[in-house]
Structure formats: C-alpha cells, structure tokens
Amino acid sequence: MVQVIGAPFDLCGLRLGSRLGPDALRLAGLVPALEALEISVLDRGNCRSDLSGKITEPEVRCDGLRNFDRLVDCADDLRRMVGECLDESAVPVVLGGDHSLAMAGISAALERMPEDLAVLWIDAHADVNTPGTSQTGNVHGMPLAALWGLPSGTSGLAHEQWEQLLHSIGRNALSPNRTCWYGLRDLDPAEQKRVRASAVTMHEIDRVGVEQSISRLIQWVEASGAKGLWVSFDVDVLDPILAPGTGTAVRGGLTYREGHLLAELLHEQLQASEVKMVGLDVVETNPLFDRNNETAKVAVEWIASLFGKTILG
Ligand SMILES: [Mn+2]
C-alpha cells in the first residue's frame with residue numbers, strides 16, 4: 001500500500017514555484033499510474049504549509065536560515081503525517097516542494113528504524129552543506145547535513161536555528177555510512193569532501209553505465225547492514241532538456257532512458273534484496289519553469305517504473 005502526501009512548500013529553495021509541484025504530479029496522473037500496477041493508493045492530501053505573509057520573491061538577504069520558522073512548522077506536520085503512514089505499514093510517497101522537506105520524512109523513518117535505515121539521494125546536488133559552508137543560505141541544500149547532525153559551522157542566529165532544527169529531527173542521526181548519492185554533477189568544495197566512496201557521479205555513469213553503477217550502490221547499502229532504504233528523488237537529476245520544470249536545473253543529467261533504467265533496476269534489485277524501500281520523496285518539480293507539465297509527467301512515469309511497471313507487464 002502507498003500513501004501520497006503533498007508538501008507544497010518552497011520557501012527554502014532557490015526559486016519559488018515548487019509549492020505547485022504536488023498538484024502538478026497529481027494532475028500528471030500519479031494515483032492512476034500506481035493503481036494500474038494493482039497497488040492500493042491513498043492520497044492523504046497536503047501537509048500544513050504556511051506560505052502567507054505575501055512571500056512572492058525569495059528573500060535576497062536574511063540574518064539566519066531563510067524562512068526558518070515556516071520550514072519548521074511545515075516539516076513538523078509532514079513528519080507527523082509520514083509517521084502515521086509508516087505506522088500503518090504503508091509506503092509514503094512525499095511530493096515536494098523543495099528538498100528541505102526530505103528531513104521530515106526521513107526523520108520519521110529514522111525514529112521507527114534508527115538502526116536499519118539507509119538513504120539513496122538521487123540528485124544533481126549533494127545537499128550536504130551546513131549553514132557555515134552554504135553559499136546561498138537555502139536549507140534545501142542542507143537536509144543531509146541536518147540528518148547527519150553536523151555542527152552548524154557558524155555562529156549567531158543561523159547557529160541557534162540549526163540547533164533547533166537538529167532538535168526537531170530527533171536524536172536518531174542518519175549515518176554518513178548509510179547515505180549514498182546517484183547522478184551528482186554540481187557540488188560545493190565542502191561537499192566534495194563529505195560524499196566520498198558512496199557517490200555515483202555522472203562521470204561514473206558515463207564510464208560504466210546505469211546498470212553497473214546502481215548495482216554497486218545497492219551492494220554498498222546491503223554491506224552497510226541496512227534493512228530499509230529511503231529514496232529521495234530530485235527531478236533535477238534528469239537532464240533539463242527532458243525535465244525543465246525545476247528551479248535548480250544543471251545541464252548534463254540523466255537521459256530519459258537512463259532515468260527509466262535506473263528506476264527499473266532499483267525495483268528489480270530491491271525485489272531480490274533483503275533491503276526494502278520504506279519511503280520515497282519526489283521533489284523540486286516547479287511548474288513555473290516547465291513546458292506542458294512535462295517534468296511532472298516524466299516524474300510520474302519514473303515513479304511507476306520504480307514501483308514495478310515494465311513494458312511487458
Ligand atoms: Mn538538486
């Protein structure tokens with residue numbers, strides 16, 4: 001059973017508009033696509049999200065972490081909804097929204113399986129900055145650093161807010177040895193040092209292909225002893241020619257065929273593995289940058305492949 005949860009929040013991203021992502025994915029046919037696979041789907045609607053206060057432009061400057069209070073409010077509600085879903089033994093599919101909200105779902109999963117969770121971050125970006133190393137102050141580039149419980153690396157308001165954020169995530173930190181990435185191609189210098197052996201970059205995909213590179217990561221997750229895998233999928237991992245509807249586009253991403261092969265192989269290999277997928281985020285879909293909802297459509301097709309859709313059925 002799958003439960004869909006929308007997180008229409010975009011105040012910690014680079015460009016506003018991904019608040020429209022959940023409905024773009026719904027209107028692209030997410031629920032029927034899963035039901036066609038004979039999966040029972042419940043759409044729980046959206047989590048609470050305060051976008052009031054006439055925020056129509058990203059703040060250019062701020063003292064601390066951008067729109068912090070609104071993030072915490074939204075993340076708390078999303079954590080509760082994902083937690084209820086996990087307690088009902090369903091697989092949560094969280095529709096973003098910017099990538100900062102991945103902290104909420106993953107921390108709910110960590111609370112329930114603190115010894116057994118690994119995370120696969122499928123993204124052009126590593127998202128492992130701290131307030132001290134971020135060049136933008138956008139929390140959507142920091143969720144893994146927060147889940148790891150890294151120190152803020154700064155002082156003042158941003159430090160205090162970071163401490164509050166770590167507290168809200170709870171005491172179960174995600175281990176860096178249980179975190180892996182796929183499709184990376186745009187990292188800050190501080191991030192390059194943090195990702196190391198468990199990252200598949202576009203360079204590796206060019207050299208060895210999707211099949212060998214994803215097999216290596218799944219073997220790595222199995223060797224880590226993890227029993228559950230949270231998949232966090234940022235649509236910007238796809239090439240912007242194919243998926244232009246995102247505020248964080250980076251050229252040189254996965255092609256349509258590579259993206260689908262990745263989803264199909266993940267499904268196939270997890271079916272054969274002791275490691276099971278416990279939850280999924282699909283984030284950073286921004287219809288304001290899209291053409292004809294193509295990005296949401298390709299994301300829905302990707303999700304269907306991840307849940308087992310094949311050409312021959
Ligand atoms: Mn990204």
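Any read-out appearing in this document is the output of simple, stated calculations on the displayed coordinates, not a laboratory observation. Please read all numbers here as calculations on a predicted model, not as lab measurements. When we count neighbours, we look across all protein chains shown, and the Cβ atoms used for this are built from the backbone with ideal geometry, even at glycine.
Points to keep in mind about this one:
- Within the chain: Cβ-based charge dipole about Cα centre, in debye rounded to nearest 20 (Lys, Arg +1; Asp, Glu -1): 300 debye
- Remark on residue 42: its backbone amide H falls under 5 Å from those of 2, 3, 4, a criterion applied only to residues 5 or more positions apart or on other chains, H modelled at 1.01 Å from N.
- The 3J(HN,Hα) values that the Karplus relation (6.51, -1.76, 1.60; θ = phi - 60°) gives for region 151-168 are, in residue order, x, 5, x, 8, 9, x, 4, 4, 5, 4, 5, 4, 4, 5, 5, 4, 5, 5 Hz. Gly and Pro appear as x.
- Label zone at residue 196 (point 7 Å along Cα-to-Cβ), backbone N below 19 Å, region 117-143: 117-121, 126-130
- Positive end of the dipole of the chain (Cβ unit charges, origin at the Cα centre): among 131, 47, 304, the Cα lying farthest that way belongs to 131.
- Per-pair calculated FRET efficiency, R0 = 41 Å: residue 211 and residue 164 via Cβ, rounded to 0.05: 0.45
- For region 2-306, the spread of Cα coordinates along the three principal axes comes to 48, 40, 39 Å, biggest extent given first.
- Sorting the segments 88-101, 292-305 by their mean number of nearby beta carbons within 10 angstrom, highest to lowest, gives 88-101, 292-305.
- The helix-only estimate of mean residue ellipticity at 222 nm for the chain, built from DSSP H runs of length n ≥ 4 each weighted as -39500 (n - 2.57), is -12000 deg cm²/dmol after division by the residue total.
- Under 5 Å from the amide H of residue 238 lie the amide H atoms of 254, each residue being 5 or more positions distant or on a separate chain, with H modelled from the backbone and absent for Pro and chain starts.
- With 29 Å as the limit on Cα-Cα distance, the pairs of 193/309; 276/309; 227/297 that go past it are 193/309; 227/297.
- Amide H contacts of residue 179 (H built 1.01 Å from N, in plane; Pro and chain starts excluded): 119 sit under 5 Å, all sequence-distant by 5 or more or on other chains.
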